[in-house]
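Undergrad: Quick one: structure below, then a few questions.
Every number in this text was worked out from the coordinates using simple rules, so none of it is lab data. Keep in mind that what you see is a predicted model, and the values were worked out from it rather than measured. Virtual Cβ from ideal backbone geometry, glycine too; neighbours counted across all protein chains shown.
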Amino acid sequence: MIKAFIMISLKPNSIQKSVDAIRKYVGVKRILTITGEWDIFVEFEGETSEDLFQFHAQLDGLDTIENTLTSVVMKEFEP
């Protein structure tokens with residue numbers, strides 16, 4: 001299993017269009033709009049790194065995205 005968090009910056013006035021597209025992608029667990037440098041925060045889960053690669057390939061097809069930053073979870077701790 002692979003889990004990653006992806007922060008996405010968008011072109012102006014494109015949040016809803018982006019969210020509508022991203023919510024259809026396999027592996028998306030949560031989509032949050034956030035303040036600051038990044039506009040959207042996505043929680044992703046897949047079986048392999050290839051799943052994450054395919055997710056990013058889909059993001060590359062969106063004309064609303066300006067930039068992404070992906071962090072892969074190395075270990076998860078219980079609170």
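Undergrad: Restricting attention to segment 11-43, which residues are assigned to a strand (DSSP E or B) and either more than 15 Å from LEU62 (Cβ to Cβ) or over 12 Å from the mean Cα position of the chain (by Cα) (or both)?
TA: Just the residues of segment 11-43 that are assigned to a strand (DSSP E or B), to begin with: 28-33, 40-43.
Result: LYS29, ARG30, LEU32, THR33, PHE41, GLU43.
Undergrad: Right, next: Within segment 1-59, take every residue that is within 22 Å of MET74 (Cβ to Cβ), among the aromatic types (Phe, Trp, Tyr) and free of Cβ contacts under 8 Å to residues at least 60 places away in the same chain and give me the one that is surrounded by the fewest Cβ atoms within 10 Å (Cβ to Cβ).
TA: PHE53
Undergrad: Related question: Could you figure out which of (1) under 16 Å from ILE2 (Cα atoms); (2) in a strand (DSSP E or B) isn't true of LEU52?
TA: Evaluating LEU52 over (1) under 16 Å from ILE2 (Cα atoms); (2) in a strand (DSSP E or B) leaves (2) as the failure.
Undergrad: Filter segment 61-79 down to the residues that are of a type in the set (Val, Ile, Thr) and assigned to a loop (DSSP other than H, G, I, E, B), then identify the one that is nearest to ALA4 (Cα to Cα).
TA: Initially, segment 61-79 is screened for residues of a type in the set (Val, Ile, Thr), giving 64-65, 68, 70, 72-73.
If we keep only those that are assigned to a loop (DSSP other than H, G, I, E, B) too, we end up with 64, 73.
Numbers: THR64: 21, VAL73: 6 Å.
Step by step, filter segment 61-79, then rank; the result is VAL73.
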